[in-house]
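First up is the structure itself, then whatever we jot down about it.
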Amino acid sequence: MKVKEINQMANVAWSPASVYPLYLACGTAAQQLDASLNTNSTLNIYNANLGQANLETKLAVSVETPGRFHALDWTGDQGSGVIIGGCDNGVLYVYDANKLIANQPEHLLGSTESHHSGPIFSLSSNPLKSNLVATGSVDCDLLIWDVNNLSSPMTPGKKANLGANVTCVQFNRQAEHILASTYAGHCVIWDLKKSASIISIVDSVSRMKAKSISWNPDVATQLLLASDDDATPMAQVWDLRYANAPLKTLEGHQRGILATAWCVQDSSLLMTAAKDNKIFVWNPDCGERGSEIVCEFPSYNQWSFNLDWCKRDPSLVATSSVDGTVSVYSILGGGLPPTQADKFSAIADSFPGMEMPAVVPQGATPQPIQVKNPPKWFRRPSGANFSFGGRLVSWNKQSRAVAISQVVTEEKLVERSVQLENALSQSQLGPYCQAKAEAAAKPSDQVLWKFIGANFETAPRTHYMSLLGYNSSQVSDKVRPPAPVADGIAAEVLADKMENLGTNDGSTSSLDPSEQFEMIASAQSFDKTPELEEIEPEVETKPSKVELNVEETSGSNEGLITQALLVGDLESAVELCVKDKHFTHALTLAAHAGQELYAKTRDSVLKQVDGSLAPLIGAVVRGDLTSITTSCNLGNWKEALVAALTYCEDAQFIALAENLGERLEASNIGEYIPSAMICYVCAGSLEKFVSCWSKMQPNLSNPNELQDLVEIIMVLQRSLAAAGRPVNLSEGSTVSSLLCQYASLLAAQGALNTAVSYLNSATQGEMIELRDRLYRALGYQTGRTNQQVHNVVPQPSFRQTPTPQGYQSQPSQFTPSVQAQQRNIYGEPTAPPQAAPAPSLFTPAPHVSQPPVPNPPTFGVPPLTPMQPTMAAVPSGPPPTVVGHTGGPQFFTPASQAPGAPMYGSQPQMQQPPPPTKPPAAYDSSVPRGWNDPPPLSGSRKAKQQQQQQLPQASEAPKVPEPIMCPVPGAPEQPRQFMGFQQYGAEASGPAVGAAAPVATPAAPEPASKGPLPAEHQIVQHVLNEIRERCLAACQNQQVKQRLDDIGRRLEVLFDKLRAGQLGSFTLGGVHQIIEAMKSGDYQSALQIHGQTVAKGNFSEMSQFMPAIKMLLQTCMQLQVFL
């Protein structure tokens, strides 16, 4: 339907695509008269006014012209271009569109005269060279004009002598030198470079006479010819390469075609207007004869003699009809109904006295335009879309290839993340912290990084005190200044004496020993200096006189004190001394009386002493440092922290430092927030530190601020792990959300491997989801199946064997061969196979091979392994006796710390529940033993063996076995745990006596693929796996192969710890040194490094994989396998 409507009989031309808003030029049409019979000629320019939902347009300018227009065109690529009109007076007019729209004078750029002998029926501007214009007139007259110089036109070639009018001319849209023209029913193609015609198109079959031309905008050799003859109302598509017959014929009109227009933006849209009052839109690319009509414009019972597609918005089409109306249609639908009543009234006004009909005749209601297929300009010529990981996928219609590029918008963030990753791969982070402190712009950041760097020193707490401005000797140096250094002896004199040593004339080398001692004694007596000879004799001191005054006087309790001392009532004496403020005497007597009285007297004295030092002294001597951190002035937070560093153990210090930091943070004073963060750093409170940081730096959406915080988080986490306090960063809500945000930001920059390294130990839903997405992007399987592995309860690899009714216990529960096998699993040489031992009470079931199940990552708690058999339940006994202090008073001494002591407490050791009673040393777990010694024997077996030796078997009836050893006959069998040794790495060789049928072991779930190791630790996985595979290939013994399979399962524990960052710096250094020795083939050095690492490192960290590494080294030496 219509979008806009203009009441003017005119030829139309749209403004160029570069001009906005849209304008429509309307020049009064020649050979046409409106209802008013007006013969004036004007050129009007209308603003399309598409923003208003009505049919009205805005007239921008109107100028009178000397003649009426047969053809009108608006072209140009500079400014608003030029408007060119061919008039019935044979003159070509060129107007400046800018000046016309601005309504300025001198808008006419030029005109032509006396070149055409008749009207200019058609004109066409060159779409590739906008300054060239072709015009056609009477008598086959064709001229080519340059709008910059209209005085000298040129001809395309030899003029035809047919005496016919040139009805249409049009330049080719892709070849600037090709021009088509029609006259006398023929279509002639001209080549301006050759100045001649190259082909003439005539349909000798249908005898169609061509009147109008339209070039195909996509195919340079194709054009449309249309006929206005009612006998041949058709249009034909021709290809100049096959000019003997048309390619397609468009048949649908009932009468001759007056105008054609081919859409430049979509070559599948071709519009024709005919005398049958119909306007069709064709798709010449479909149908054998091109007869597919895409849509039809509404019919208003009027011819349309001019068509033009809008250059800027191709969905708009302007048509001119003989009823004096210029209509603008939209082929996308919509629009407004026509105003036929207004037109009828206008016609009636032109004829005075004409009677108006009672009912205005209404035409058929036009249907909206519906295009069958979306136009091509809706197709995107190019496209781009971001994918996960910062990848940009782009394409364009000029290329068939799809380009995938990596977009990095935060280059500095990626660079700093690489620097952080490189720093974390080092064993020592102290230099990194020092560099960050030097590069920090803010003084608070410099101090913060210094405190963080102190965690990697040998004595962190000493460095904390130094950074706070205190040291342990600063007061003693002031009170007891060091003695001045005496002048030393001259070097020449000392050298002479050293040369003459033993060469004096009085040498005693020839004397016997007795004479030599005599000479020494005599020389000593003569060599004394005068100062030493004038020593004053000691003066004898007489004992002080003891006064025994027992008389009671008013105002003094001295007599009562004397009486209490004489009778031994020290408690009353101390109480009277405190009452008389003899504090020194009271403390002396209380110290002699005992610890309880001394503590009571000390607290009483401190309450009565005036001054600010009394509360501090009381807190120090009582060990109540909590009162200092909770009640001190916040301005003295440094002093409170120093007191906690001096007097507190590690566990208490962490709590006090956190408490002090919370007070500083809760004050909401800006200067105390950095101080609170320092307290949290000293305490190792990562979650509270991040919360406090967020208050000081609320804009964590800034990548630089987020990078600063992540650097601190990762370095603090490393320091905690080195101190034996591994922290899972995904457990805290604040830290986990920040790490998830940071990993997302890294992933958006394409650093997928770096991003996933921050999420390997994820336990929160959001982090797990992001980690799984990163796994899929990197080609790994998601880690959700790990949850099934975590929930699997480990089952023993043996079966329980019921004991027969009349079974008699053997005198020995462990045969020598079993003990030899147990020694072999700890690295000793394998002994030759022994004879099969006698059947024992417990016989391990045959080993059933199962697919390896990877151990889930452990976070601080080592799981139970076959090398650590579970002890049997021992009957509870009396609790261990606690030995108390029986001496005098113990004065509080600040806790001394070894230089190499860890900051956050001692290294955690493998903790086993101690037995309530002290068992024999053979199976006492408290007895110190080496890290590779066999586990202790089962107490229940030894006790039963001793019981059997003490009681005679012949005189008593067979005793029912204890339930802990074997099931009671007739009783239901309960699930139990094997109490003996579980063989490691080898299969039990002896057959089971009375063993039941093998129990089918349920299939273990398939192991899920895990994420990659950090780049700095991938060499560990590569070397260990490679050398184990080579051992498997070189080994022929099935027993050794099973041992290597078990080694592989235990090495997965090492890889999980490396993946989760749960190993301390010392352990990491030892493992990497072992790997370097294995790469060079020096297994002896690797074993030495192994022993040193185990002896000095954290046993709880390495107890699960270090034995496997040692066994792998020994196997490589036996098989002579090298990398």
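Binned at 10 Å from 0, what are the whole-percent values of the Cα-Cα distance distribution for region 682-727, short to long?
Bins of 10 Å from zero give 27, 51, 20, 2 percent of pairs.
Between their Cα atoms, which of Lys248/Lys376; Lys1057/Lys1096; Lys129/Lys159; Lys1041/Lys1079; Lys638/Lys688; Lys194/Lys376 are more than 27 Å away from each other?
On the way: Lys248/Lys376 21 Å; Lys1057/Lys1096 19 Å; Lys129/Lys159 24 Å; Lys1041/Lys1079 22 Å; Lys638/Lys688 19 Å; Lys194/Lys376 36 Å.
Beyond 27 Å between Cα atoms: Lys194/Lys376.
DSSP loop (so not H, G, I, E, B), at most 16 other Cβ within 10 Å: list which GluC sites (Glu not before Pro) in region 52-148 pass both filters. Mind showing how you got there, number by number?
On the way: sites: Glu56, Glu64, Glu106, Glu113; in loops: Glu56, Glu106, Glu113.
Of the GluC sites (Glu not before Pro), the ones in loops of region 52-148 whose Cβ has at most 16 other Cβ atoms within 10 Å are Glu56, Glu106, Glu113.
For region 127-186, take every pair of Cα atoms, bin their distances at 10 Å starting from 0, and report each bin as a whole percent.
Going from the shortest bin to the longest, the percentages are 22, 53, 24, 1.
Give me the distance in nm between label points sitting 7 Å out from Cα along the Cα-to-Cβ direction at Asn49 and Leu1123, one decimal.
Placing both labels 7 Å along Cα→Cβ, they lie 8.5 nm apart.
Ranked from highest to lowest mean number of other Cβ atoms within 10 Å per residue, what is the order of the peptides 694-700, 310-316, 750-756?
Details: 694-700: 12.7, 310-316: 19.0, 750-756: 21.1.
Taking the mean over residues of other Cβ atoms within 10 Å, the ranking is 750-756, 310-316, 694-700.
Count charges around Pro381 for me, please; just the other residues with Cβ under 13 Å from its Cβ, Lys/Arg as +1, Asp/Glu as -1.
Residues close to Pro381 contribute a combined charge of +3.
What is the percent carbon and sulfur in the accessible area of region 145-212, measuring with a 1.4 Å probe over the protein chains and ignoring ligands?
Working: 1650 of 3450 Å².
Reported share for carbon and sulfur atoms: 48 percent.
If we count every other residue with Cβ under 13 angstrom of Lys397's Cβ, Lys/Arg +1 and Asp/Glu -1, where does the sum land?
Spelling it out: positives minus negatives among the neighbours equals +3.
Compute the FRET efficiency between Ser572 and Lys695 as 1/(1 + (r/R0)^6), taking r as their Cβ-Cβ distance and R0 = 51 Å, and round to the nearest 0.05.
On the way: r = 58 Å, r/R0 = 1.14.
The pair Ser572/Lys695 has a calculated efficiency of 0.30.
Counting only heavy atoms of the protein chains, get the accessible area per residue of region 49-173 (1.4 Å probe) and round it to a whole Å² value.
Heavy-atom accessible area per residue stands at 45 Å².
Taking the highest mean first, how do the peptides 196-207, 1038-1049 order by number of other beta carbon atoms within 10 angstrom per residue?
Highest mean packing first, the order is 1038-1049, 196-207.
Two-decimal Rg/Rh of region 565-646 from alpha-carbon positions, Kirkwood Rh?
That ratio equals 1.10.
Normalized C-alpha radius of gyration of region 1-137, against 2.2 N^0.38 Å? Please report the intermediate quantities before stating the final value.
Numbers: Rg = 14.7 Å, N = 137, 2.2 N^0.38 = 14.3 Å.
Ratio of Cα Rg to 2.2 N^0.38 Å: 1.03.
Kirkwood hydrodynamic radius, computed over distinct alpha-carbon pairs, for region 1009-1123: how many Å, to one decimal?
14.2
Using a cut-off of 12 Å between beta-carbons, work out the net charge of the residues near Leu634 (Lys and Arg +1, Asp and Glu -1, Leu634 not included).
Spelling it out: positives minus negatives among the neighbours equals -2.
Return the carbon/sulfur percentage of the accessible area of region 7-92, one whole number, probe 1.4 Å, all protein chains in place.
43
Using Cα pairs under 8 angstrom and six or more residues apart, how large is the relative contact order of region 556-666, in percent?
15
When only DSSP loop residues count, what GluC sites (Glu not before Pro) in region 633-673 have their Cβ near at most 12 other Cβ atoms within 10 Å? Each step should come with its number before you reach the end.
Working: sites: Glu639, Glu649, Glu658, Glu662, Glu665, Glu671; in loops: Glu649.
Hits after loop and neighbour filter: Glu649.
Mind listing P(r) for region 13-92? All alpha-carbon pairs, 5 Å bins, whole percents.
3, 15, 22, 22, 19, 12, 6, 1, 0
What is the Å³ per residue value for the convex hull set by the Cα atoms of region 615-725?
Looking at region 615-725, the number lands at 89 Å³ per residue.
Using a 1.4 Å probe over the heavy atoms of the protein chains, calculate the carbon and sulfur portion of the accessible area of region 640-724 as a whole percent. Each step should come with its number before you reach the end.
Values: 1290 of 2580 Å².
Result for region 640-724: 50 percent of the exposed heavy-atom area is carbon or sulfur.
The values are calculated or read from the model by the stated rules, or taken from the named source; none is laboratory data. As the structure is a computational prediction, the values presented were derived from the model and not from experiment. Quick reminder, even Gly has a Cβ in these numbers, built from the backbone with ideal geometry, and neighbours come from all protein chains shown. Ligands, DNA and RNA are excluded from the accessible area calculation, which covers all protein heavy atoms including side chains. Shrake-Rupley method; radii C 1.70, N 1.55, O 1.52, S 1.80 Å.
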